[in-house]
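Working notes, structure below.
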Amino acid sequence: MSRFFSKKYDGLTPYTAGEQPKDTKYVKLNTNESPFSLSENAVKYAKEALFKTNLYPDPDCTALHREIADMLGVSPDEVLATNGSDEILNFAFMAFCDKEHTAVFPNITYGFYKVFAEINGIPYEEIPLKDDFRIDINDYIGINKNIFIANPNAPTGIPLSVSEIEEIVKSNPENVVVIDEAYIDFGGESCVPLIKKYDNLLITQTFSKSRSMAGARLGFGSGSKELIDDLYKIKYSTNPYNVNSITAALGIGVLKDDLTIKENCNKIIKNREYTAAELEKLGFYVTNSAANFIFARHEKISGLTLYEELKKRGVLVRHFSKKEICDFNRITIGSKKEMEILIKTIKDILEV
Ligand code: PMP
């Protein structure tokens, strides 16, 4: 750290991103990316944009917002696209939280919520999950704080129902409830229709998972026009050109090719069921995930040892050192072939 780094960041612990190995070629099941690359059809849209990078992108993302709004069944002024969904989540902390309007989220969830709270100087509370790793909605009913919930939750993959989330939203009318639907396309039920009914609900989604665009960085939020206007204010006060023209064009191409995306999601769901069943046969406890990853623990091998042994054998998964979940590994669901390699490698490690 230089002597110039502001003291206001003294307590800041940055987010630890999953490994992106450059040396070894792994079966990479550690960062919940899609195993499927984009279709030629989707890429076609970006090609034209490549020849226009001498110009700034449209800061209002007009065409992209129209396409996202059509997909969601909302109006374009109820949508804001960002540089990955991390950015809209940070915007939400910046726009709606302060010392009087503090934040609350589960103690086991997406690690960035805590970092966003810290970098923005926002007091926050972490609510423990239940023993079975579920979110108990009663912990959030009428809590009177801004609420951040990933649905399905990460890294457990366990979803809440729309009616459970509606209970939370309804009981906190003076606060914003942010539902992070990064993994919603793999079996959960989206709360987007609720934005018409509740002006305190913001939904965030990403193009990084089901839509195979992690490398291009595209996410968005959807909520009442008033909430979206607030988020625009933050965008125009930080980086009006947060979504580059190539990414915006690619996003439109992907949405036009929605059949491929649906097929890909169905493949992931099938591979998830296969992997969970195989792991259970080997004695693993696997949470009931509705995401493109599973969360699994085995009585006979520690989470860290399994992670290390898999890595030695060329399979990369995600291990978290936090004590409540250090027995587990989060395993991204990839292609059928990748999942077969995973199972075979685990059998080698367990010597069964
Ligand atoms: N929310 C959750 C729960 C995530 O796991 C991730 C991915 N790490 C994100 C949001 C952010 O994804 P992105 O910025 O790629 O849209």
Under the Karplus relation with 6.51, -1.76 and 1.60 and θ = phi - 60°, whole-Hz ³J(HN,Hα) for the range 83-89, x at Gly and Pro, equal 7, x, 7, 3, 5, 5, 5
Computed, not fitted: 222 nm per-residue ellipticity of the chain from DSSP H runs ≥ 4 (each -39500 (n - 2.57)), nearest 500, equal to -11500 deg cm²/dmol
Here the gain from full extension of PHE51 to ASP348, 0.36 nm per residue of separation minus their alpha-carbon distance, amounts to 101.9 nm
Using alpha-carbon positions, the gyration tensor of the range 1-69 gives root eigenvalues a ≥ b ≥ c; with a/c under 1.5 called rounded, otherwise prolate if a/b exceeds b/c, else oblate, the class is oblate
Probe 1.4 Å, heavy atoms of protein chains only: per residue, the accessible area of the chain in Å² is 48
Expressed as a percent, the accessible surface of the chain that is carbon or sulfur, using a 1.4 Å probe and the full set of protein chains, is 51
Of the listed pairs LYS114/LYS235; LYS7/LYS114; LYS170/LYS323; LYS170/LYS322, those with alpha carbons more than 24 Å apart are LYS170/LYS323; LYS170/LYS322
Label model pair SER171, ALA214: point-to-point distance (7 angstrom along the Cα→beta-carbon line) in nm is 3.5
Percent relative contact order for the range 193-352, counting Cα pairs under 8 Å at least six residues apart, stands at 16
Taking Cα pairs closer than 8 Å and at least 6 residues apart, the relative contact order of the chain in percent is 23
Sorted on mean Cβ neighbours within 10 Å (highest first), peptides 79-86, 187-194, 317-324 come out as 79-86, 187-194, 317-324
Within the range 256-300, DSSP-loop GluC sites (Glu not before Pro) with at most 11 other C-beta atoms within 10 Å are GLU299
Taking the alpha-carbon centre of each part, the distance from the range 11-69 to the range 278-325 in Å is 27
Burial-style ranking of 253-260, 154-161, 95-102, average other-beta-carbon count within 10 Å with highest first, yields 154-161, 253-260, 95-102
For 104-114, 142-152, ranked highest to lowest by mean beta-carbon neighbours within 10 Å, the order is 142-152, 104-114
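The values are calculated or read from the model by the stated rules, or taken from the named source; none is laboratory data. Computed from a predicted model, the values in this text were never measured in an experiment. Reconstructed Cβ throughout: ideal geometry from the backbone, glycine too, with neighbour counts over all protein chains shown. For accessibility, only protein heavy atoms count, side chains too; no ligands or nucleic acids. Shrake-Rupley method; radii C 1.70, N 1.55, O 1.52, S 1.80 Å.
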